[in-house]
Amino acid sequence: MTTSRALALAAAAVVFGLQGRALALPADGTAEADARFRRGVELYKEADYGAALTEFRRAYALAPAYQVLYNVAGACYQLKDYACALRAFERYLTDGGAQIAADRRAEVERDIAVLRGRVAAVALATSVPGVEIAVDDVPVGRTPLAEPLLMSAGRRRIVAAAAGRPAVTRVIDVAGGDRVELRLEIPDAPAQQAVSAGPRLAAPPPEQPGVPIDRAPRRERSVPILPWIATGALAAGAAVTGVLALGASGDLDAELGAFPGDARSIERERTRTATLALTADLLAGAAVLVGGVALYLTVAGGAERPGGAHASSPSIRAAIAPSSFRLLGAF
């Protein structure tokens, strides 16, 4: 958004610290430009020079009148950005031309002479064209540059960035009045890695003469659940039956110690104790046997039937009678 008429200097000037001069105050060229300019003047009075510079630049973008460049130069000067102040003053004289009063032009020219002793000119080139250049994180142009870069004296950080290539950073120290030539080598773009549509498969190892390669198909290992469940059930049954056998043995001792004893009760307790003890032993043995089978199947990973079908897990069932125990299973 621009305006056809220039922003006029205000009759009432505000005195600032840049060598005792007044900054220009524009009339209402556009509502937003005027508001931003006045806000910049207020911030300058409060010594918030960074915020004031932002407001002055925004006002100039909305209404590019040469008078605003005078204020931009003043804020840059206070920020010790002498290159910025020099560029703004030179543009101010160029754009203002004969409209600038003789005494004001003389003042600005004296300041320009001082500022030129506080900046360095860096002729910067890159190995490839079209590289974006930034100095202290401020973009300054794209290579090839039409003229050397003006940089304030001190330590400056230069970043060169090209699309698809790694950025190059260079830190240099420049003094006032230096004329420096700097060439930056921009590295090539990294090789593009092929992107596959599906999951990436590991490449087979290279074949070596005289070394056989196992090309047998691999099979997945599976843990047989049923044998382990049966092992746990048999072990738990052995433990419970053992506890019952101990209880029956205690009852038998009680019958033997009773006087006068009952022969039928003694025989009944003796039979129950023997049955429970035998059952506990058989269950424990079965648990060991089935546990061994489960361990073997776990380590072996399960057998395969022709056609790729896995053998079914072994089935086990126990039959308990008053005087016998039978363990039936298919392996």
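A compact table of results
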| item | result |
| --- | --- |
| Modelled FRET efficiency - R0 45 Å, residue 229 with residue 189, Cβ distances, 0.05 increments | 0.15 |
| Restricting the range 45-95 to GluC sites (Glu not before Pro) in coil, as DSSP defines it, with at most 12 other Cβ within 10 Å | 46 |
| Charge context of residue 270, other residues only, Cβ under 15 angstrom, K/R +1, D/E -1 | -3 |
| Nearest-0.05 FRET efficiency for residue 181 and residue 31, computed from C-beta distance (R0 45 Å) | 0.45 |
| Simple label model, 7 Å out from Cα along Cβ direction - residue 253 to residue 147, nm | 11.4 nm |
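Bear in mind these aren't lab numbers, they're just calculated from the coordinates by the rules spelled out. Everything quoted here is computed from the prediction, not taken from an experiment. Quick reminder, even Gly has a Cβ in these numbers, built from the backbone with ideal geometry, and neighbours come from all protein chains shown.
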